[in-house]
Amino acid sequence: MGETLFVQGNEAVGHGAMAAGCEAFFGYPITPQNEITEWFAREFPPQGKVFVQSQSEIASINMVFGAAATGVRCMTSTSSPGWSLMQEGMSMLSNAELPCVVVLVQRGGPGAGTTRHSQMDYNSATRGGGGGGYHDIVLAPASVQEQHDHVQLAFHLADKYRNPVIVLSDAILGQMAEPLEVKALNYNSLPAKEWAVRGRDHQSDGQRRLILPAQGFMPSKAYPNYLTFVNNLDQKFKEMRRTEVRFELQDVEDARVILVAFGSLARVCQGAMEMARGEGKKVGLVRPISLWPFPAQAIRKLARDGVKFLVVEDNLGQMLEDVESAIGESAPVHFLGMLARHEAREMGMIFPDRVLEEINKVY
Amino acid sequence: MAVKKEKVAGGSDLWIRPEFAVIPSCPGCQEPVVGQLILEVVEEMGLDGEAIVVPGVGCTTFLPVIWNMDAVLTAHGRPCDVATAVKRVTKAPLVFTVQGDGDCFAIGAGPTVSAALRGENITVITMSNTNYGTTGGQMSPTTVTGQRTTTTPEGRGEMQGHPAHVPELLGGIKGVAYTARGAVNTPANLQKAKRYIKEAFQKQLDGAGFSLVEIIVACPPNWHYTPIDCLKFIDETLLAEFPLGEFKNVDRVEQPIPVPAQ
């Protein structure tokens, strides 16, 4: 048993990173993720770990690039407008095959949007927002505990695949407080980072190391030409699709209506589902935990006769496209999005009773 | 990348030839000359096994690729951000960038100035050839007034602003320990340029703060001069705009980054 704290989701990110052995954090102030950057500013330097407040999110992600090149576990966090700025760096990290973790605390968009909650960065996180058509694993926590746990999982997966991993949080998860059990999660050990730069004389074989975000541009021993490199990426992404799909099913066996929701909206849907079950209605819930790779197969299997799906997201319908694509014509897919918020201002929310109302409509 | 050593005539042992040929420079380019100076200094200081070089994007990218030294290449304009992290994390005694003037002070102005403002204990070596050589000779920050490039076909004029004086500009920043401008157009200037590089590296070893050396280099293909005429253009036109020398040289900036324990 680890220590139990009562903390915000944003702070839980820090505890998770510490438990994962993160050595460096680079961040720039942006609402609603400021508690993360402030946590690292407070906790890292006394432990001899690196914290730098950068001059922009472009700088944050490039500092992550530099730190990752030296082989340490490192990360940054941001919110939606900063995430837009980081796309160049994300693309570069993917090419250079550098592991790192980015925590994205979503706010309303597009543009500067609002400083309040939303789930409007689903597409840009799961599709590889920078140039070149790459993929990052995207994890979607739904509680303060999972903010902490998923950061640790993210570091493991990043090192496993030598690829960035995104933890897709939002303003609700970041700002709300819940009990957190702080503990280091154990994963299989991974090979030492022989590829990292540390100064030629510190390399085990005395050979210099070259990290570059232009693999394929010029021939190397690993990748004699461009397509060899691209093929390696392809194999890596396919392996992620095979191995890293994560999701949670609740009461789907007998369900007539199956809700599909991730992150904070999965919590809302959980409430709605319990209310519906209380009324004797057969309602289930699919919660994708990895948004990329998306649990398409698991959802497709649930599309049996008589089942209706209701996708609930705090956006205008982004994961909806993945669900529709998974199900095809096998079952009807309904949608409840951010226009169903309880009030028209930016602090409006989709509440469980509104979801219940929609369940009753489609049931 | 597996490498075999092959000494370039008269050059440093640190030049290597990767398995696959990389030809970094055009005939008459002076960037390999600056590369040679950097390697001589690194060797004389005994730092080649400890140093980490961070090249930017442009003509300078491929020089450090053929050095027997750990290297982290970056996105265009980002070397100072990357070098900041490399230095802070590894605490390596020598972390330096190699950049062109566009990489350092057009797209990279933010990272360069910000690293200087933070007093990062890193060194920037920027080579100014007054144009974007890799992409075919467009205007760059150091293009001089009246100079023709592919994006200033009538010569750089009022609408295109004025040439950037980076060492002078950064010299005014508190976190900066050393800035200088050199050239390699004459043997005397070449020796001075080498001293500037050595001084800048020494500032970093001393934990004095940010250091930057700009070196003016010839670009025959994009200037459309012969290599000999390039030297004349540097002497008569560029050095009139960009004076050589040190612009800041202090032993300790006011709020230095502490020298990390080794």
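So that you can scan it fast, the table gives a plain yes or no per residue for (1) crowded, with 22+ Cβ neighbours inside 10 Å; (2) of a type in the set (A, V, I, L, M); (3) within 30 Å of B:HIS76 (Cα to Cα); (4) away from chain B (no Cβ under 14 Å):
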residue: A:ALA12; (1), (2), (3), (4): yes, yes, no, yes
residue: A:ALA20; (1), (2), (3), (4): yes, yes, no, yes
residue: A:ALA24; (1), (2), (3), (4): yes, yes, yes, no
residue: A:PHE44; (1), (2), (3), (4): no, no, yes, no
residue: A:PHE51; (1), (2), (3), (4): no, no, yes, no
residue: A:ALA67; (1), (2), (3), (4): yes, yes, yes, no
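Of all the helices (runs of 4 or more DSSP H) wholly in segment A:53-157, which have at least 1 residues that are in contact with a Lys or Arg (Cβ under 9 Å, 6 or more places away or on another chain)?
A:57-69, A:80-85, A:87-96
Every residue in segment A:276-323 that is buried (at least 21 other Cβ atoms within 10 Å of the Cβ), of a type in the set (Gly, Ala, Ser) and within 24 Å of A:GLY128 (Cα to Cα), please.
Within segment A:276-323, just A:SER290 meets the criteria.
Return the only residue of A:ALA184, A:ALA177, A:ALA192 being more than 14 Å from chain B (Cβ to nearest Cβ), farther than 23 Å from B:THR74 by Cβ, surrounded by fewer than 19 Cβ atoms within 10 Å (Cβ to Cβ) and touching a strand residue (DSSP E or B) at 6+ places or on another chain (Cβ under 6 Å).
Exactly one residue qualifies, and that residue is A:ALA177.
Can you spot a residue in segment A:265-277 that is in contact with a strand residue (DSSP E or B) (Cβ under 9 Å, 6 or more places away or on another chain) and within 29 Å of A:PHE237 (Cα to Cα)?
Scanning segment A:265-277 turns up at least one residue that is in contact with a strand residue (DSSP E or B) (Cβ under 9 Å, 6 or more places away or on another chain) and within 29 Å of A:PHE237 (Cα to Cα).
Of the residues B:GLU154, B:GLU158, B:GLU214, which single one is in contact with an Asp or Glu (Cβ under 9 Å, 6 or more places away or on another chain) and among the acidic types (Asp, Glu)?
Details: B:GLU154 fails: in contact with an Asp or Glu (Cβ under 9 Å, 6 or more places away or on another chain); B:GLU158 fails: in contact with an Asp or Glu (Cβ under 9 Å, 6 or more places away or on another chain).
After applying the criteria, what remains is B:GLU214.
Do you know which of the residues in segment A:75-85 that are in contact with a Leu (Cβ under 9 Å, 6 or more places away or on another chain) and of a type outside the set (Phe, Trp, Tyr) is surrounded by the most Cβ atoms within 10 Å (Cβ to Cβ)?
A:SER77
Just checking, which of B:THR97, B:THR60, B:THR84 is buried (at least 24 other Cβ atoms within 10 Å of the Cβ), among the hydroxyl-bearing types (Ser, Thr, Tyr) and at the interface with chain A (Cβ under 7 Å from one of its Cβ atoms)?
Sole residue among the options that is buried (at least 24 other Cβ atoms within 10 Å of the Cβ), among the hydroxyl-bearing types (Ser, Thr, Tyr) and at the interface with chain A (Cβ under 7 Å from one of its Cβ atoms): B:THR84.
Is segment A:218-240 home to any residue that is touching a helix residue (DSSP H, G or I) at 6+ places or on another chain (Cβ under 6 Å) and of a type in the set (Gly, Ala, Ser)?
no
Please state which of the following conditions A:GLU181 fails to meet, knowing it meets all the rest: (1) under 26 Å from A:VAL13 (Cβ atoms); (2) assigned to a loop (DSSP other than H, G, I, E, B).
It fails just one condition, (2).
Under 7 Å between Cβ atoms, at least 6 apart or on separate chains: pull out the pairs that start in segment A:207-232 with a residue that is more than 17 Å from B:THR74 (Cβ to Cβ) and end on any residue that is part of a strand (DSSP E or B) and among the polar types (S, T, N, Q).
Close Cβ pairs (under 7 Å, with a partner that is part of a strand (DSSP E or B) and among the polar types (S, T, N, Q)) amount to A:TYR223/A:GLN215; A:PHE229/A:GLN215.
Which of the residues belonging to segment A:195-207 are crowded, with 16+ Cβ neighbours inside 10 Å and among the polar types (S, T, N, Q)?
Within segment A:195-207, A:GLN203 is the sole residue that qualifies.
Could you list, in sequence order, the residues of segment B:82-112 that are outside any strand (DSSP E or B) and closer than 26 Å to B:GLY137 by Cα?
Matches in segment B:82-112: B:ASP101, B:GLY102, B:ASP103, B:CYS104, B:PHE105, B:ALA106, B:ILE107, B:GLY108, B:ALA109, B:GLY110, B:PRO111, B:THR112.
Does any residue of segment A:32-43 turn out to be in contact (Cβ under 8 Å) with a residue 60 or more places away in the chain, in contact with a helix residue (DSSP H, G or I) (Cβ under 9 Å, 6 or more places away or on another chain) and on the phi > 0 side of the Ramachandran plot? Write out each step before concluding.
Within segment A:32-43, the first condition is being in contact (Cβ under 8 Å) with a residue 60 or more places away in the chain, and the residues that meet it are A:32-33, A:35-36.
The next check asks that each one be in contact with a helix residue (DSSP H, G or I) (Cβ under 9 Å, 6 or more places away or on another chain); those that pass are A:32-33, A:35-36.
After this cut, where a residue has to be on the phi > 0 side of the Ramachandran plot as well, the list is none.
No, every residue in segment A:32-43 fails to be in contact (Cβ under 8 Å) with a residue 60 or more places away in the chain, in contact with a helix residue (DSSP H, G or I) (Cβ under 9 Å, 6 or more places away or on another chain) and on the phi > 0 side of the Ramachandran plot.
Identify the single condition in (1) touching a Gly at 6+ places or on another chain (Cβ under 7 Å); (2) under 24 Å from A:PRO293 (Cβ atoms); (3) within 9 Å of another protein chain (Cβ to nearest Cβ) that A:THR76 does not satisfy, given that it satisfies every other one.
The number of the failed condition is (3).
Being assigned to a helix (DSSP H, G or I) and either touching an Asp or Glu at 6+ places or on another chain (Cβ under 6 Å) or farther than 22 Å from A:SER56 by Cβ (or both) is the filter here; which residues of segment A:15-34 pass it? Let's see the steps before the verdict.
Of all residues in segment A:15-34, those assigned to a helix (DSSP H, G or I) come to A:15-19, A:34.
Correct list: A:HIS15, A:GLY16, A:MET18, A:ALA19.
Within segment A:239-248, does at least one residue satisfy the condition of being touching a Leu at 6+ places or on another chain (Cβ under 6 Å) and either within 14 Å of chain B (Cβ to nearest Cβ) or aliphatic (A, V, I, L, M) (or both)?
No, there is no match, as no residue in segment A:239-248 is touching a Leu at 6+ places or on another chain (Cβ under 6 Å) and either within 14 Å of chain B (Cβ to nearest Cβ) or aliphatic (A, V, I, L, M) (or both).
What are the pairs with Cβ atoms under 6 angstrom where one residue, in segment A:124-138, is aromatic (Phe, Trp, Tyr) and the other, located anywhere, is outside any loop (DSSP other than H, G, I, E, B)? Sequence gap at least six, or different chains.
Within 6 Å, the pairs are A:TYR134/A:SER94.
Which pairs turn up if I take residues in segment A:182-193 that are under 20 Å from A:SER204 (Cα atoms) and look for partners that are of a type outside the set (Phe, Trp, Tyr) and surrounded by 14 or more Cβ atoms within 10 Å (Cβ to Cβ) with beta carbon separation below 7 Å, at least 6 apart in sequence or on another chain?
These pairs meet every condition: A:LEU190/A:ASP159; A:LEU190/A:LYS160; A:LYS193/A:GLY71.
Pairs, please: C-beta under 7 Å, at least 6 apart or cross-chain, first residue within 11 Å of chain A (Cβ to nearest Cβ) and in segment B:109-136, second among the basic types (Lys, Arg) and crowded, with 24+ Cβ neighbours inside 10 Å?
If the second residue must be among the basic types (Lys, Arg) and crowded, with 24+ Cβ neighbours inside 10 Å, the pairs left are B:PRO111/B:ARG78; B:GLU120/B:LYS87; B:ILE122/B:LYS87.
Sort out which residues of segment B:178-209 are farther than 18 Å from B:ALA51 by Cβ, surrounded by 20 or more Cβ atoms within 10 Å (Cβ to Cβ) and of a type in the set (A, V, I, L, M), and write them in order of number.
Matches in segment B:178-209: B:ALA180, B:ALA183, B:VAL184, B:ALA193.
From the list B:GLU154, B:GLU168, which residue is at negative phi, outside any helix (DSSP H, G or I), surrounded by fewer than 21 Cβ atoms within 10 Å (Cβ to Cβ) and among the acidic types (Asp, Glu)?
B:GLU154
Kindly provide the set of residues from segment B:49-77 that are free of Cβ contacts under 8 Å to residues at least 60 places away in the same chain and at positive phi, ordered by number.
B:GLY77
Identify, from the list B:SER25, B:SER12, the residue that is within 24 Å of A:ARG198 (Cα to Cα), modelled with pLDDT under 90, out of contact with any Gly (no Cβ under 6 Å at 6 or more places or on another chain) and more than 8 Å from chain A (Cβ to nearest Cβ).
One residue alone meets the criteria, B:SER12.
The values are calculated or read from the model by the stated rules, or taken from the named source; none is laboratory data. Since this is a predicted model, take the numbers as computed values, not measurements. Because the Cβ atoms are built from the backbone with ideal geometry, glycine has one as well, and the counts that use them run over all protein chains shown.
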